[in-house]
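All of the numbers you see were taken from the coordinates with simple rules; none came from a lab. If you're wondering where the values come from, they're calculated on a predicted model, not measured in any experiment. For neighbour counting, all protein chains shown are included, and Cβ atoms are generated from backbone atoms with ideal geometry for every residue, glycine included.
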């Protein structure tokens, strides 16, 4: 299992300002249940109890606002419990939109690719109180789109998770694509002024 001090990281993360919607915790729980069963989720909850940051996934309110730090702690506890690496965290992010009623609601509202892409910052605002999404450009002909995330230097685990998340959004958006891939071309943890994700497909 990967060695890192989750308790020490949790103490730092709980000081981070900002909130996340409860639906993100619900998607975490649903993914763990799908992959590891109810027993797997219980192991995650035990890990959270150990560090003094319990999460009652069953009673989280989807539209409620919860600590952003706790949101990251949930991901880190899952990562540590199952000894998951970057690929597994990207896969987890990839699966998240299908569990989110907020995403499904917005995708029904935005009917065209152009409208959905331009309105993508609203997806973010529905989930987080900090950070800002920008949509600098896309091309259906060249088969790519860019997503920039500013003012969101929280934790590297979110880089892989969000990369997977944007891959799945591209599939929902474009409906008939394959080999969707993501590359984080800029990262605040590498000294860049923002995160930038390049999503491509065939």
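Would you mind giving the three semi-axes, in whole Å and largest first, of the ellipsoid equivalent to the chain according to its Cα gyration tensor?
So the three semi-axes of the chain are 28, 18, 16 Å.
Output the relative contact order of the chain, whole-number percent, from Cα pairs under 8 angstrom with separation of 6+ residues.
Over the chain, the number comes to 21 percent.
Quick one: angle between helix 157-174 and the longest Cα principal axis of the chain, in degrees between 0 and 90, rounded to 10, please.
The two axes meet at around 40 degrees.
Sort 131-137, 84-90, 18-24 for me by packing, meaning the mean count of neighbouring Cβ atoms within 10 Å per residue, highest on top.
Top of the packing list down: 18-24, 84-90, 131-137.
Compute the helix-to-body angle for 23-50: its Cα long axis versus the longest principal axis of the chain, expressed 0 to 90° and rounded to tens.
Once rounded, the angle reads 20 degrees.
Evaluate E = 1/(1 + (r/R0)^6) for residue 5 and residue 112, where r is the Cβ-Cβ distance and R0 equals 30 Å; express this FRET efficiency to the nearest 0.05.
With a Förster radius of 30 Å, E is 0.05.
Explain nothing, just the number: relative contact order of segment 1-63, from Cα pairs under 8 Å at least 6 residues apart, as a whole percent.
44
Could you state the per residue volume, in Å³, of the convex hull enclosing the Cα atoms of segment 110-200?
Per residue, the Cα convex hull of segment 110-200 comes to 91 Å³.
When only Cα pairs under 8 Å and 6 or more residues apart are kept, what is the percent relative contact order across segment 110-200?
Relative contact order, segment 110-200: 26 percent.
Measure nothing but the geometry: give the 0 to 90° angle between the long axis through the Cα atoms of 68-81 and the longest principal axis through the Cα atoms of the chain, rounded to 10°.
Approximately 70 degrees, to the nearest ten.
Mean-square fluctuation check for the chain, GNM, Cα pairs under 10 Å: which of 189, 145, 25 is largest?
Per the Cα network of the chain with a 10 Å cutoff, 189 tops the list.
Considering the chain as a Gaussian network with a 10 Å cut-off on Cα pairs, which listed residue, 167, 60, 73, attains the greatest mean-square fluctuation?
Result: 60 has the largest fluctuation of those listed.
Cα centroid distance between segment 27-69 and segment 107-185, in Å?
About 25 Å separates the Cα centre of segment 27-69 from the one of segment 107-185.
Could you check which residue among 46, 15, 58 shows the biggest mean-square fluctuation in a GNM of the chain with a 10 Å Cα cutoff?
Sorting by GNM fluctuation, first place goes to 58.
Any idea what % of Cα-Cα pairs in segment 141-189 are farther than 12 Å?
Tail of the P(r) past 12 Å holds 65 percent of the pairs.
For the chain, what is the mean residue ellipticity at 222 nm derived from helices alone (per DSSP H run of n ≥ 4: -39500 (n - 2.57); sum divided by total residues; nearest 500 deg cm²/dmol)?
Helix contribution divided over all residues of the chain: -15500 deg cm²/dmol.
How big is the convex hull of the Cα atoms of segment 6-84, per residue, in Å³?
Here the figure is 74 Å³ per residue.
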